[in-house]
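The values are calculated or read from the model by the stated rules, or taken from the named source; none is laboratory data. In this text, all values refer to a predicted model and were calculated from it rather than measured experimentally. In this analysis, Cβ positions are derived from the backbone assuming ideal geometry, glycine residues included, and neighbour counts consider all displayed protein chains.
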Amino acid sequence: MPVPRSISLSPQSRAFAVSLLLISFFSFGCASYGPKPVASSPTPGLTLSAHTLSFHTVVVGQTATQSLKVSNTGTRPLQVTAFSVSNKEFSISGPSVPRTILPANSLLYTVAFTPTATGSASATVSITTDADSAPASVSLAGSGEKAFADLVVTPASINFGNITLSKKSSQNVTLQNTGDINLTLQGVTVAGSGFGYADLSPGFSLAPNQKVIFQVWFSPRVAGPAAAKVSLLSPNLSSPATLYLTGDGVTTSSPTPTSQHTVHLTWGESSSMVLGYRVYRSEVAGGSYALLNGALVSVLTFDDATVASGTTYYYVVTAVDAAGAESVYSNQATAVIPTS
């Protein structure tokens, strides 16, 4: 069969071909006419400033606090509907609930620990909201310790030195409550002749770390060494706080003690556990002894350089334990001071 040399299209066929080209262009050349993505819906977001709070050690009956910030980091308002704490020794306070927190906003709450007994304690704060992660929680921990009072006396001892009979010498003493509860003075006693105190009344109360200054004085009525023990009583203390006072009453005709002679005392160690020793002296055998040292002597020797020539002295020693209990007198030692 003969093959034709050329092909021609009829008007109908040409229109059809153009139509196909246009359809092909619009189908494959314009991707911007496809479907648009769907936007996500807004949601609230819950963020806490801490997930663990440690209160460490708190005195029983006292309160320690820490802050907790509740924030909305989402794009829709956050509904806070409830707080709950699993242990009554812990609590949370702040804006009441139910409460709405707008996006990028926060609320501040206070978490408190008030131990009612000694020992470790723990709890969980649960926070109920409409956030996807709700309910959220915070772990709490703390330890309760027993309350105590302690009274520090500064200085612990005072030596007034030589004071003329009927004259009066005063010195300041500082009291400080180094405990963690209020301390009330129930009474003050002075055991020793010629000594006294001023500017301190029974019933005075000291808050923790508070200080007060009062005066003690020495006004001898008889010549010779004298000593006293000041006891500060309080129902908050297991034993009284003490202050030791010493001094010498002198007259113009009294021999003035000098350091020309020194009495060196030694004694055996106590068979029980003790904090130290007290040394007493008298000018009468077996008589009324006066305390020579204010602070306890921690060694087994003591040197008395406040002796007068030509005088005979009698010494005894006692031991003091950790509770402040004092032993009976030791055997008496006698020292005869030469006249020169």
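Worth a mention:
- Taking segment 312-326 as the range and being at pLDDT below 90, out of contact with any Gly (no Cβ under 9 Å at 6 or more places or on another chain) and at negative phi as the test, the residues that pass are Asp321, Ala322, Ala323, Ala325, Glu326.
- The set of residues in segment 96-124 being part of a strand (DSSP E or B) and within 22 Å of Pro77 (Cβ to Cβ) consists of Arg99, Thr100, Ile101, Ser106, Leu107, Leu108, Tyr109.
- Test result for Thr301, farther than 13 Å from Val274 by Cβ, in contact (Cβ under 8 Å) with a residue 24 or more places away in the chain and surrounded by 14 or more Cβ atoms within 10 Å (Cβ to Cβ): no
- Of the residues Thr154, Thr189, Thr184, Thr164, the single one that is in contact with a strand residue (DSSP E or B) (Cβ under 9 Å, 6 or more places away or on another chain), among the β-branched types (Val, Ile, Thr), within 30 Å of Thr63 (Cα to Cα) and touching a residue at least 12 places away in the same chain (Cβ under 8 Å) is Thr184.
- The residues in segment 148-177 that are surrounded by fewer than 15 Cβ atoms within 10 Å (Cβ to Cβ) and either among the β-branched types (Val, Ile, Thr) or within 30 Å of Phe55 (Cβ to Cβ) (or both) can be counted, and the count is 4.
- Here Ala241 fulfils each of the conditions (1) under 30 Å from Arg281 (Cα atoms); (2) in contact (Cβ under 8 Å) with a residue 24 or more places away in the chain; (3) more than 21 Å from the chain's Cα centre (by Cα) apart from (3).
- Selection within segment 322-340 - farther than 21 Å from Gly247 by Cβ and in a strand (DSSP E or B): Ala333, Thr334, Val336
- Conditions (1) of a type in the set (Gly, Ala, Ser); (2) outside any loop (DSSP other than H, G, I, E, B); (3) surrounded by fewer than 19 Cβ atoms within 10 Å (Cβ to Cβ): number failed by Ala319: (3)
- Scanning segment 35-69 for residues that are at pLDDT below 95 and β-branched (Val, Ile, Thr), we see that the one that is nearest to Ser137 (Cα to Cα) is Thr47.
- Qualifying residue in segment 131-139 (condition: modelled with pLDDT of 95 or more and in the same structural domain as Arg76 (by TED's automatic domain parsing)): yes
- Matching residues, segment 53-88, being under 14 Å from Ser120 (Cα atoms), in contact (Cβ under 8 Å) with a residue 40 or more places away in the chain and not in a strand (DSSP E or B): Val60, Asn87
- Test result for Lys229, within 24 Å of Glu326 (Cα to Cα), among the basic types (Lys, Arg) and in contact with a strand residue (DSSP E or B) (Cβ under 7 Å, 6 or more places away or on another chain): yes
- Matching entry among Ser32, Ser19, Ser10 (being at pLDDT below 50, surrounded by 10 or more Cβ atoms within 10 Å (Cβ to Cβ) and polar (S, T, N, Q)): Ser19
- Any hit, segment 277-294, residues being at positive phi and modelled with pLDDT under 90: yes
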